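Input: a single structure, listed below in structure tokens.
Rule-based calculations on the coordinates, nothing more; no lab input. This is a predicted model, so every value here is computed, not measured. As a convention, Cβ positions derive from the backbone with ideal geometry for all residues, glycine included, and neighbour counts pool all protein chains shown.
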Amino acid sequence: LGLPEVPAHIPLRRHSRRIDVGRVPVGDGAPISVQTMTTTPTADVDATLRQIAEVTAAGCDIVRVAVPSRDDADALPAITSRSPIPVVADIHFQPRYVFQAIDAGCAAVRVNPGNIRKFDDKVREIAVAAGAAGVPIRIGVNAGSLDPRVLDRHGGHANPEALVESALWECSLFEEHGFRDLKIAVKHHDPRTVIAAYRLLAARCDYPLHLGVTEAGPSLQGSIKSAVAFGILLAEGIGDTIRVSLSAPPVEQVKAGCHILQSLGLRPRRLEIVSCPGCGRLQVDIHRLARRVEAAFEGFPIPLRVAVMGCVVNGPGESREADIGVSSGNGKGQIFVRGEVVKTVPESRIVEALLEEALNLASTVSPP
Ligand code: SF4
């Protein structure tokens, strides 16, 4: 009573320009893309391509590779030509690698012109080369690498105003040369600063925004910090592409990003496990069972909601609502398909029986 109504849909997305990162549009209402960054040495082409294949299978739309050395820059053509998703080159101080990345077919480059403007005219040359090749540029401002003069103006704090001022100044260095194919990230480790910074940025420019909580931490902490910040911003229509930064393998970052978008209805959910937390009524090891079901259904060919319930109190209700479900108890599992009990199996056969029924279901909705 008296609670605000929860909107069923995200309100209108913030209006932004659109850029094309290879075949992936970003901004102007395009589907919100998920990104990550490889952790292999980029010069190790095979290892990098293996990791790219893995993150692509997990739902990654755009992948970034670090280019700190000549060997890494030299490896870019072999990577871009075989990557199934657009590759973004992440470059910090060496303008020559930016030109190499553009020539190598990178779909975008992350570079901050503030880092390279000491090299005569290089910002203009990059603007010309990127403009001619149709390669957008991402400007990324991190709390840890803010220009000392900006920090001074803000009392030494990387606050939202400092992050936004720095990002817009970086943009202006390209705008001077008529280049506006930009997207921006303003990252901080504190979700509250991230939320305030992106709100400010969203109001002050029309560039597409790349959301990120930087140095978010290990998997659980980092995923929650990112989900809180992204959830609030995305629910306000702010954000065009996301990267969950975790001290965990890139594939985990991609899964977390996909879950965030799916939770807000911004990306179709392929597999949803509805499993109970367990309580004193529990008659099965529900945590282990839920993990086994999740592993068994990973990559299942049709979208599915699978209920895994630990007793007969809420079990039948949830199982009836799902495509496939099990209500466990007394060493057995009652298997549900689209609301009907189809069989009862011993506990040891629950996962197998769920998979069997799911495959039967899949055969009725997809070509054999
Ligand atoms: Fe407890 Fe049963 Fe609910 Fe699971 S389904 S939380 S075991 S009451």
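In percent, rounded to a whole number, the relative contact order of the chain is 13, using alpha-carbon pairs under 8 Å and six or more apart.
Among VAL337, VAL34, a tally of other beta-carbon atoms within 10 Å of each Cβ gives an order, fewest to most, of VAL337, VAL34. Projected label points at VAL365 and GLU215, each 7 Å from Cα along the beta carbon direction, are separated by 4.5 nanometres.
Amide H contacts of LYS187 (H built 1.01 Å from N, in plane; Pro and chain starts excluded): VAL141, ASN142, ALA143 sit under 5 Å, all sequence-distant by 5 or more or on other chains. Taking θ as phi - 60° and the Karplus parameters 6.51, -1.76 and 1.60, the scalar couplings of the stretch 256-269 work out to 4, x, 5, 4, 4, 5, 5, 5, 9, x, 9, 8, x, 8 Hz in sequence order, x denoting glycine and proline. Rg of the Cα atoms in the stretch 222-312, relative to 2.2 N^0.38 Å, amounts to 1.25.
For the stretch 143-185, the Cα gyration tensor yields ellipsoid semi-axes of 22, 10, 7 Å (square root of five times each eigenvalue, largest first, whole Å). Once the gyration tensor of the Cα atoms in the stretch 12-76 is diagonalised, the equivalent ellipsoid follows with semi-axes of 27, 14, 8 Å, ordered largest first.
Of the three principal axes defined by the Cα atoms of the stretch 81-201, the extents in descending order read 43, 35, 22 Å.
Suppose the Debye formula is applied to equal point scatterers at every Cα of the stretch 267-342; what is log10 I(q)/I(0) at q = 0.13, 0.15, 0.25 Å⁻¹? Debye output, listed in q order: -0.34, -0.45, -1.15. Here the stretch 75-154 and the stretch 186-252 have alpha carbon centers that stand 21 Å from each other. Placing dummy labels 7 Å off each Cα toward the beta-carbon, the span from ASP121 to VAL342 is 7.1 nm. Just so you know, the Rg over Rh for the chain is 1.05, from Cα atoms, with Rh as the Kirkwood radius.
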